[in-house]
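Here is the structure we will look at, set down as structure tokens.
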Amino acid sequence: MSGVLARPAAALGASIVPQDGGALVFDESDRHHLPAELRERATVIAPTAEAFQAALDVRLSVSLSGHVRR
């Protein structure tokens, strides 16, 4: 599933913004296209399905750990 999103997004120079609001971009030069509130938290990842999935896994892990601490 990750490749279904990552490949076309990278080819189009698009960013992906998961529900947590932290944008994923495939090149540093794409950061300036984001709204100001997303630029600072944007993460640059390699344009591969594996990198995309790893970024989502990290976000999920951080999100879950935040819920456990509350």
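The values are calculated or read from the model by the stated rules, or taken from the named source; none is laboratory data. All values derive from a computational prediction rather than experimental measurement. Positions of Cβ are generated from backbone atoms using ideal geometry, with glycine treated the same way; all protein chains shown enter the neighbour counts.
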Item checked: Residues within the range 20-48 that are in a loop (DSSP other than H, G, I, E, B) and within 10 Å of the chain's Cα centre (by Cα), tallied -> 8
Next item on the list: Could you run through the range 12-55 and say how many residues are in contact with a Pro (Cβ under 8 Å, 6 or more places away or on another chain) and either at positive phi or modelled with pLDDT under 85 (or both)?
Entry: 1
Next item on the list: Return the only residue of LEU24, LEU34 being closer than 13 Å to LEU56 by Cβ and crowded, with 16+ Cβ neighbours inside 10 Å.
Entry: LEU24
